[in-house]
Amino acid sequence: MSKTLISIIIPTYKRNQKLKKVFDNLVKQCPFKIKIEVIIVSDIFKKFVPNLKSLIKKKNIELKIIKVSKNSNAIKRNKGIQNAKGKYLILIDDDCLPAKNFLKDYLELLNQLKDNEILCGSVRYLDPKVKKENFMRYRQSRH
């Protein structure tokens, strides 16, 4: 297996069930032909880590858990970046469920990038949630 191509960094805080869905979704999408590491940055949740590791059935996925006690997404992202081995970095939040072809689409776009280029994306919220909550409606219009 070649060296790590993609490092996916997920800062989290007290969202174990949502994080598990995000992680499971990423694992199911991960193609066998590339090596991926998923870096979860949080205050350690020791009981939860074995549950995540049990979701990994593919040998090309590595899971890292990094402890950061301060609850700041910026600090957690930076710590994840410092520990990443991948050629490319993907930052995703613990409550953002990746779309069906998330990794496939990113791989296609990443292969088109030149050195020192950044790819930015947007978040689309599910319509029932947006209609129900003013905050989501506001965020939907701002992205």
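The values are calculated or read from the model by the stated rules, or taken from the named source; none is laboratory data. Just so we're clear, the structure is a prediction, and the values are computed from it rather than from any experiment. Just the protein is used for accessible areas: all its heavy atoms, side chains included, with ligands, DNA and RNA removed. Shrake-Rupley method; radii C 1.70, N 1.55, O 1.52, S 1.80 Å.
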### Summary
Taking the range 101-115 and keeping residues basic (Lys, Arg) and either open to solvent by less than 90 Å² (accessible area, probe 1.4 Å) or modelled with pLDDT under 80 (or both) leaves LYS114
## Note on the structure
When every residue in the range 5-56 that is open to solvent by less than 10 Å² (accessible area, probe 1.4 Å) and of a type in the set (S, T, N, Q) is compared, the one modelled with the highest pLDDT is SER7
### Query
Could we say that ILE118 is modelled with pLDDT under 80, assigned to a loop (DSSP other than H, G, I, E, B) and either open to solvent by less than 80 Å² (accessible area, probe 1.4 Å) or among the polar types (S, T, N, Q) (or both) here?
no
